[in-house]
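The values are calculated or read from the model by the stated rules, or taken from the named source; none is laboratory data. Worth saying up front: this structure is predicted, and the values here are computed from it rather than measured. Every residue, glycine as well, gets a Cβ built from its backbone with ideal geometry; the counts of neighbours run over all protein chains shown. Heads up: the accessible areas ignore ligands, DNA and RNA and are worked out on the full protein's heavy atoms, side chains in. Shrake-Rupley method; radii C 1.70, N 1.55, O 1.52, S 1.80 Å.
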Amino acid sequence: MAGIKIEVHWTFSLLLLWVVFLDAQRGGNLFTALFNIGFVLVLFFCVVLHELGHALTARKFQIKTHQITLLPIGGVASLEKMPEKPGQELLVALAGPAVNVVIALLLILLFPITKYLTMDQAGIELLLKTPNFQGFIFYLFLANAMLVVFNLIPAFPMDGGRVLRALLAYKMGRVKATAIASSLGQLLAVFFFMLGLLINPFLILIAFFIFISAYGENKMVKQTSLLQGHTIKEAMLTKITLLHPDNTLQEVIDVVLAGTEKDFVVMAHEQIVGVVYHKDIIKHAHTPSIKVKEIMQASFKTLEASTDLVQVMEMIASEKRNFFPVTDKNKFSGAIDLTNISEFILLRTHGS
């Protein structure tokens, strides 16, 4: 959809089973179970449109979206990164809820929903208990309205948390603004957890997701701020073992066991010809006599020593690789990996 991969996580099936279970507890039948499943599927289509709102707005700022994943607690658009300019983040954050507002307005215009809004409580309860098209549309309207309200709660990882950060960042900077929005998110998670214990266990799952996401966002922004203005040359590995295409895998295994190196650069005639990743060493460990040239990855990216470390972190996220050879003026200079960047962050944290 719009060139973006839509992935349904296997745990999404648990939500459908939960819906069927609740329907059975209320004395439902096959028709009501299918009605409720159909509603959940249509609602999650609205969630996909919500996430596409974020993704397509981010694309306007040259930010790619790898995929949209559907989870039992909602959808997640895996953006390459969030815009760091407050105005851009504000637009990206508001784009999702804006889609749900449009859907709700279209439902009001196309179907006589407004008359249900004036009904008394008994009439609304009767409508919601009767599985028919009118009830389905009214449910859908309410759900989209609730999505707007819920997502605009000013706490991470909700869109409202990003809106709050964007607004605060104009005055106090991104790091402090993130800390405030993340703290509110963690407080919200505690509230949902307590509510889950009293009302619905499903809220406990949402609480964990909110807490971990808020904590992760705060940590990531702090780390990024520590890396800003620093280049690969300051953090790269220089004392590393270089392999030759004719080395055997057993020789590589001996190096792995003797030290802490996991990934290796392969050189021939003073040129980088490949990279051997740890996963490939493990994969072929049962045939230690094979040559490095048979397991090395001949397609790889090299990075210049002058590259900003923030860009490297973004590349690690997009390429899903943790290890890159480094060149300086087109000559081999060393390597950079996620472990060394993490060590650099740790030293910067305690050294500042």
Could you tell me whether GLY185 is part of a helix (DSSP H, G or I), in contact (Cβ under 8 Å) with a residue 24 or more places away in the chain and open to solvent by less than 20 Å² (accessible area, probe 1.4 Å)?
-> yes
From LEU22, LEU34, residue being among the aliphatic types (A, V, I, L, M), farther than 24 Å from LEU106 by Cα, at pLDDT 75 or above and more than 14 Å from the chain's Cα centre (by Cα) | LEU34
So ILE281, is it crowded, with 19+ Cβ neighbours inside 10 Å and closer than 19 Å to ASN330 by Cα = no
Boolean, GLU261 is in a loop (DSSP other than H, G, I, E, B), open to solvent by 40 Å² or more (accessible area, probe 1.4 Å) and acidic (Asp, Glu) | yes
Residues that are open to solvent by 50 Å² or more (accessible area, probe 1.4 Å), in a loop (DSSP other than H, G, I, E, B), polar (S, T, N, Q) and over 22 Å from SER78 (Cα atoms), drawn from the range 290-323 | SER299, THR302, SER306
Restrict the check to the range 213-223 and report whether at least one residue is surrounded by 18 or more Cβ atoms within 10 Å (Cβ to Cβ), over 26 Å from LEU147 (Cβ atoms) and modelled with pLDDT under 85.
-> yes
For the subset of the range 264-278 comprising residues that are open to solvent by 40 Å² or more (accessible area, probe 1.4 Å) and assigned to a loop (DSSP other than H, G, I, E, B), which member is nearest to ALA305 (Cα to Cα)?
-> GLU270
Restrict the check to the range 94-107 and report whether at least one residue is more than 22 Å from VAL221 (Cα to Cα), at pLDDT 90 or above and in contact with a Pro (Cβ under 7 Å, 6 or more places away or on another chain).
-> no
